[in-house]
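S.K.: Can you read through this structure? Questions will come right after.
The values are calculated or read from the model by the stated rules, or taken from the named source; none is laboratory data. Keep in mind it's a predicted model, so treat the numbers as computed, not measured. Note that we place each Cβ from the backbone using ideal geometry, even for glycine, and neighbour counts take in every protein chain shown. To get the accessible areas, we keep the full protein, side chains included, count just its heavy atoms, and leave off ligands, DNA and RNA. Shrake-Rupley method; radii C 1.70, N 1.55, O 1.52, S 1.80 Å.
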Amino acid sequence: MPLLKIDHQELEVAAGSQVLEAALAAGIEIPHYCYHPALSVVGSCRMCIVEVEGMPKLQTACSTPIGELPADRKVDGKYDMVVHTESEKVVAARKLMLEFLLLNHPLDCPVCDQAGECFLQDYSFKYGSAHSRFIEEKRVRPAEDLGSGVAINHDRCIMCTRCVRFTREITGTDELFVMDRGYSNRIAVFDGLPLDNPLAGNVADICPVGALLLKDYMHTTRVWHLSHTESVCNECASGCSITVDARDNKIYRIISRENPQANGYFICDYGRYSFHKYADSPLTRPLQRTKDGWEMIDWDTAYRQVLEQVQATGGKGAVRALASPTFPNEPNFVLGQFMARLSDRKNIALLPTLKEDDQEFPGGFRISGEKGGNLRGVQAMVPGLAAAMKSLMRGEPGVLIALDGDGRAHLTGELKRLLELVAFKVVVASMPSDLTAQADLVLPVATPYAREGTMTNDKGLVQWLQPALHPAGEVRPDWQVIAELGQLLTGEGHLYTCAGDVTWKINQTTPGYSQITRFRLGRTGQLSGSEAA
């Protein structure tokens, strides 16, 4: 392997890798704008220039490959390449490059939504000059709506072309291009063909300055006022890693989080904007159906009703349950455990959820058509889970306990017949839905972004679903509600103190999950079962 020396640090790197890649992997900062690991290299911003011994001119680190030299040509008798990132020539060239990029850039950092996350701001402070020689009038252009909730401020754009390459290489939709190359160049869309693809919001994520902005987030809050929670999107079975940015128990935005095992660098717009639907009409207290409509009750009354209905409609053997692929592993595991104690696992089936065709993009990103984000997990938590609803209709079903699908339940003909057949329907839900509308008793649990637990995507990757919000009202964690119901109906079982207790129980009892612990999951998760091997 080639031996590379960057400033005073020696690195062994793979032959053919670029200087910038090697530096970033070693934690050495080389400023850059146009480079992105998921996109092709263009070297247009010139910010990553470095001095390479033996080369007469400065080189762009993003496009300079590292090779292995013959023994008689090695630098100082041992190095295949020696790179300087802080030499006088490099420092002077960076200042000139930043001065050029800032010629027409407006002095609007105090009102720019990118403030606090802006590479141009950071690099100007670290590497730039405090003065500019540009005395002419700055070029001023109006902002423009590109489509799909993305706006562009042309005055801030530095023409790194990340967004253009994204629509060409990742989505393959080619909506964006560079128009009027030269002094008047700008990012544009073709007439009548706006930015319109399910991954469009990513162009704002990858923009290194405040040029591309999400209209949904513009002028709402400052990034330094937000808490940043690393979590998992459960809108489909792909299980993308995300960062949830919230303040005062309200989500302001969701952005992608790098995870090579799941989503790579990007997320889809379905997951990006999913938090809006959970902000409306959340359930805060248990609800019981009366002849006059819905009535709020306390938890003790709600649990007492469940016990009385079980006793009045055939006893424990008449209880049926629906596990949900939209809920984490923990509540599904507890539900399967207590249903096994009541009778046997044939009395528990899978709640049907919406299913569409997968969407695949040229860059390798995939949106799963399975909208039950934890389908693989729930199947592992409840072995032998009935595939059809018919198995629950045998005998005389009395009480049904169903984990809701967060609005994604598919009311199939079989599910509708089951709902008509049972005498009393208990729905554990986070928000009103088609399923709660059929219930006799609704037990409120935390919304997806206030939940805690583990999720398993369709590739077998287990990740930690970390809560970004505090549950509202008298809402309880889903695993706690199921555990309390189980102890109430069976008179035995665990009353766990936290979701981590349930995860540990899963680790001890569930095949394929013996290596799954909170500590081992880390930021990017861990493969379960045979996938780990």
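S.K.: Quick one: net charge of residue 247's neighbours, Cβ under 12 Å, K/R +1, D/E -1?
M.R.: Here the count lands on +1.
S.K.: Could you tell me which of 166, 81, 362 has its Cα farthest along the dipole of the chain towards the positive end, charges placed at Cβ (Lys, Arg +1; Asp, Glu -1), taken about the Cα centre?
M.R.: Selected residue: 362.
S.K.: Once the Cβ-Cβ distance between residue 276 and residue 131 is put in as r, and R0 is 45 Å, what FRET efficiency do you end up with, to the nearest 0.05?
M.R.: In this case the efficiency is close to 0.50.
S.K.: Under the 0.36 nm per residue contour assumption, what length would be gained going from the current alpha-carbon distance of residue 86 and residue 343 to full extension?
M.R.: Contour length minus the Cα-Cα distance gives 85.4 nm.
S.K.: Tell me the label-point distance for the pair residue 174, residue 71, using the 7 Å Cα-to-Cβ offset, in nm and rounded to one decimal.
M.R.: 5.2
S.K.: For the stretch 458-533 and the stretch 1-79, write down the distance between their C-alpha centroids in whole Å.
M.R.: Computed from Cα coordinates, the inter-centre distance equals 44 Å.
S.K.: Here's a follow-up. Which one is right for this structure if percent of Cα pairs over 31 Å apart is calculated from it: (i) 51; (ii) 47; (iii) 55?
M.R.: Recomputing percent of Cα pairs over 31 Å apart here picks out (iii).
S.K.: Okay, next question. The stretch 286-344 to the stretch 173-221: how many Å between their Cα centroids?
M.R.: 49
S.K.: While we're here: Check which residues have an amide H placed less than 5 Å from residue 253's amide H, if you skip close sequence neighbours.
M.R.: 245
S.K.: Hey, another quick one. For the chain, what is the accessible area per residue in Å², given a 1.4 Å probe and the full set of protein chains?
M.R.: 44
S.K.: Same structure, new question: To the nearest 20 debye, what charge dipole does the chain have about its Cα centre, counting +1 at the Cβ of each Lys and Arg and -1 at the Cβ of each Asp and Glu?
M.R.: Using Cβ point charges on Lys, Arg, Asp and Glu, the chain gives about 600 debye.
S.K.: Taking the mean number of other Cβ atoms within 10 Å as a proxy for protection, how do you rank 459-472, 55-68 from highest to lowest?
M.R.: Output ranking for 459-472, 55-68: 459-472, 55-68.
S.K.: Right, next: Quick one: which residues, 5+ away or cross-chain, put their amide H under 5 Å from the amide H of residue 320? H built at 1.01 Å from N.
M.R.: 398, 399, 400, 401
S.K.: Once you place label points 7 Å from the Cα toward the Cβ at residue 247 and residue 55, how far apart are they in nm?
M.R.: 4.3
S.K.: Fully extended, how many nm does the chain gain between residue 40 and residue 411 (0.36 nm per residue separation, minus their Cα-Cα distance)?
M.R.: Gain in length upon complete extension: 129.0 nm.
S.K.: Percent antiparallel among DSSP beta bridges with both residues in the chain, to the nearest 5?
M.R.: 70
S.K.: Can you give me the distance in nm between label points at residue 99 and residue 494, each placed 7 Å from the Cα along the Cα-to-Cβ direction?
M.R.: The two pseudo-label positions are separated by 6.6 nm.
S.K.: Using DSSP to define loop residues, name the GluC sites (Glu not before Pro) in the stretch 328-405 whose beta-carbon has at most 15 other beta-carbon atoms within 10 Å.
M.R.: Sparse-neighbourhood loop GluC sites (Glu not before Pro): 356.
S.K.: Grab the DSSP H runs of the chain that are 4 residues or longer, score each as -39,500 (n - 2.57), total them, divide by all residues and round the 222 nm result to the nearest 500 deg cm²/dmol.
M.R.: About -6500 deg cm²/dmol.
S.K.: Through the Karplus equation 6.51 cos²θ - 1.76 cosθ + 1.60, θ set to phi - 60°, convert the phi angles of the stretch 415-430 into ³J(HN,Hα) values in whole Hz; use x for Gly and Pro.
M.R.: Here the 3J(HN,Hα) series is 5, 5, 5, 4, 4, 6, 7, 6, 7, 9, 10, 10, 10, 8, 9, 9 Hz.
S.K.: Now a separate question. In whole Hz, what ³J(HN,Hα) sequence does the stretch 236-251 give by Karplus (6.51, -1.76, 1.60; θ = phi - 60°), x for Gly and Pro?
M.R.: Once θ is set to phi - 60°, the couplings for the stretch 236-251 become 8, 7, 5, x, 5, 7, 9, 10, 9, 9, 9, 7, 6, 6, 9, 7 Hz.
S.K.: List the chymotrypsin sites (Phe, Trp or Tyr not before Pro) within the stretch 130-185 that DSSP assigns to loop and that have no more than 13 neighbouring Cβ atoms inside 10 Å.
M.R.: Those satisfying the criteria are 134, 183.
S.K.: How much of the accessible area of the chain, in percent, comes from carbon and sulfur atoms when a 1.4 Å probe is used?
M.R.: Using a 1.4 Å probe with all protein chains present, the chain comes out at 52 percent carbon and sulfur.
S.K.: PRE reach from residue 181 (point 7 Å along Cα→Cβ): which of the stretch 28-61 fall under 13 Å by backbone N?
M.R.: From the stretch 28-61, the list is 44.
S.K.: In sequence order, what are the phi-derived ³J(HN,Hα) couplings for the stretch 60-71 according to the Karplus relation 6.51 cos²θ - 1.76 cosθ + 1.60 with θ = phi - 60°, rounded to whole Hz, with x for glycine and proline?
M.R.: 3J(HN,Hα) across the stretch 60-71, in whole Hz: 7, 5, 6, 10, 9, x, 10, x, 9, 8, x, 4.
S.K.: Let me check I've understood the local charge: for residue 221, count other residues with C-beta under 14 angstrom from its C-beta, Lys and Arg +1, Asp and Glu -1. What total comes out?
M.R.: Net charge around residue 221: -1.
S.K.: Follow-up. Estimate the FRET efficiency between residue 520 and residue 470 by the formula 1/(1 + (r/R0)^6), using the beta-carbon distance for r and 41 Å for R0, to the nearest 0.05.
M.R.: 0.95
S.K.: Distance check, please: which entries in 371/416; 277/459; 346/459; 316/416; 89/126 exceed 24 angstrom between their Cα atoms?
M.R.: From the list (371/416; 277/459; 346/459; 316/416; 89/126), the Cα-Cα distance tops 24 Å for 277/459; 346/459.
S.K.: About the Cα centre of the stretch 73-216, how large is the charge dipole given +1 on each Lys and Arg Cβ and -1 on each Asp and Glu Cβ? Please answer in debye to the nearest 20.
M.R.: Once rounded to the nearest 20, the dipole reads 740 debye.
S.K.: Follow-up. Order of 426-438, 323-335 by packing, highest average Cβ count within 10 Å first?
M.R.: Put in order of decreasing packing, that is 323-335, 426-438.
S.K.: Report the gain in length on full extension from residue 295 to residue 115: 0.36 nm times residue separation, minus Cα-Cα distance, nm rounded to one decimal.
M.R.: 60.1 nm
S.K.: Whose amide H sits under 5 Å from the amide H of residue 465, counting only residues 5 or more places off or on another chain, with H placed in the peptide plane?
M.R.: Counting only residues 5 or more places away or on other chains, the set is 453, 454, 455.
S.K.: Nothing charged except the Cβ atoms of Lys and Arg (+1) and of Asp and Glu (-1): what's the magnitude of the dipole of the stretch 283-374 about its Cα centre? Round to the nearest 20 debye.
M.R.: Computed charge dipole of the stretch 283-374: roughly 400 debye.
S.K.: With a Förster radius of 45 Å, plug the Cβ-Cβ distance of residue 191 and residue 230 into 1/(1 + (r/R0)^6) and report the FRET value to the nearest 0.05.
M.R.: Calculated transfer efficiency: 0.65.
S.K.: Please compute the alpha carbon radius of gyration of the stretch 75-195, then divide it by the globular-protein estimate 2.2 N^0.38 Å. Two decimals is fine.
M.R.: For the stretch 75-195, the normalised Cα radius of gyration comes out at 1.33.
S.K.: If packing is taken as the average number of other Cβ atoms within 10 Å across a peptide's residues, how do 307-315, 10-18 rank, most packed first?
M.R.: Peptide ranking by packing, descending: 307-315, 10-18.
S.K.: If Lys and Arg each add +1 and Asp and Glu each add -1, what is the summed charge of the other residues whose beta carbon sits under 12 Å from the beta carbon of residue 414?
M.R.: Every neighbour counted, the sum reads +2.
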